[in-house]
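K.L.:
One structure follows; several queries about it will come next.
Quick note: the coordinates plus some simple rules give every number you see, no bench work behind them. Owing to the predicted nature of the structure, the values given are computational and were not obtained by experimental measurement. Note that each Cβ is placed from the backbone with ideal geometry, even for glycine, and that neighbours are counted across all protein chains shown.
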Amino acid sequence: MIGYSSKYRSTQAEIMDDFNLQGKEMEILLSDLRKVNKWLGGFKITVNGIQQLLEGIPTNKAITIVDLGCGDGAQLRECALWAKEKKRNISFIGIDANKHILEIAAQRSSQFSNIRYEQLDVFSDIKKLPPSDIVLSTLFLHHFSGEQIVALMNTITKIAKLGIVINDLHRSRWAFQLFKLFSNVILKTKIARHDGLVSVARAFKRNELLQLSQHINGAHKIKWKWAFRYQWIIKTI
């Protein structure tokens, strides 16, 4: 039974947190997640955040963007298409701890010469994180405790030259109930249906993000976005 609380973030684990998850079901799961992100406008929130951080930066300037917990690379491919349309010189690096997911990501991104992937657990090997101008975190931070988030973000603010774009979920009873209805009709895998509900239960209220931001270096801008998302931009310069 997946519980929901308006007062507290859930600590229940997601099945996808298992770094050894692999096989055909995982491939279908990743497709389910991509479908949800696309239909609910999640990709656009991150792209918009990148645009804001790149305001005033010449289009021909070489930029490196690192995506934490990149999954199958769907977000990076959307960003790469945007960069091509805007004629921006951007290289993308996807980071994930699950080597099996990265194999799928590389296959699905084979037509993008400016995307590459690295296996890395940022909580144990943060010093190995590649130098970057912008770091992305899409549906990644809700997997961790507040203390872990503060420690990770304060490390990354020293690495990301321009800033960080966070795109994560709003913990809402409406979102929780709507996802129950939506997922049973649209999603193919039990894992996606399970993890989606856990994700909403682990997500954030605005005041929780504001409290976290008080302990993280940089200039912060937090905005609510449809559907039940927060866009959190941290400028490091």
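K.L.:
Match the structure shown to one of the listed values (i) 11.9; (ii) 19.2; (iii) 14.8 of mean projected area of the Cα convex hull in nm², computed from it, and give that label.
P.N.:
(i)
K.L.:
Assuming R0 = 35 Å, what is the FRET efficiency of Arg206 and Lys35, from their Cβ-Cβ distance, to the nearest 0.05?
P.N.:
Working from the Cβ atoms, E equals 0.80.
K.L.:
Which peptide among 93-101, 205-213 comes first, and what is the full order, when sorted by highest mean count of other Cβ atoms within 10 Å?
P.N.:
Highest to lowest by the protection proxy: 93-101, 205-213.
K.L.:
At a 10 Å Cβ-Cβ cut-off, how would you order Val200, Val135, Val36, fewest neighbours first?
P.N.:
Sorted ascending by nearby Cβ count, the order is Val36, Val200, Val135.
K.L.:
I would also like to ask the following. Percent of alpha carbon pairs in segment 123-189 separated by more than 17 Å?
P.N.:
56 percent
K.L.:
Using a 7 Å offset from the Cα along the Cα-to-Cβ direction at both Ile28 and Gln52, what is the distance between the two label points in nm, to one decimal?
P.N.:
So the two model labels end up 3.8 nm from each other.
K.L.:
For the pair Thr155 and Asp121, how long in nm is the line joining their label points, each one 7 Å along Cα→Cβ?
P.N.:
1.2 nm
K.L.:
Order 105-116, 223-234 from most to least packed using the mean count of other Cβ atoms within 10 Å.
P.N.:
Highest to lowest by the protection proxy: 223-234, 105-116.
K.L.:
If the cut-off is a Cα-Cα distance under 27 Å, which lysines reach Lys84, setting aside same-chain residues fewer than 8 apart in sequence?
P.N.:
Qualifying lysines at Cα under 27 Å: Lys35, Lys38, Lys44, Lys61, Lys161, Lys221, Lys223, Lys225, Lys235.
K.L.:
Next question, about the same structure. Compute the signed sum of charges (Lys and Arg +1, Asp and Glu -1) over the other residues within less than 12 Å, Cβ to Cβ, of Trp82.
P.N.:
Net of charged neighbours comes to +4.
K.L.:
Give, rounded to the nearest 20 debye, the magnitude of the charge dipole that segment 15-235 has about its Cα centre when Lys and Arg contribute +1 at Cβ and Asp and Glu contribute -1 at Cβ.
P.N.:
It comes to approximately 800 debye.
K.L.:
What does the charge count around Lys128 come to, taking other residues whose C-beta lies under 14 Å from its C-beta (Lys +1, Arg +1, Asp -1, Glu -1)?
P.N.:
Computed value for this residue: -3.
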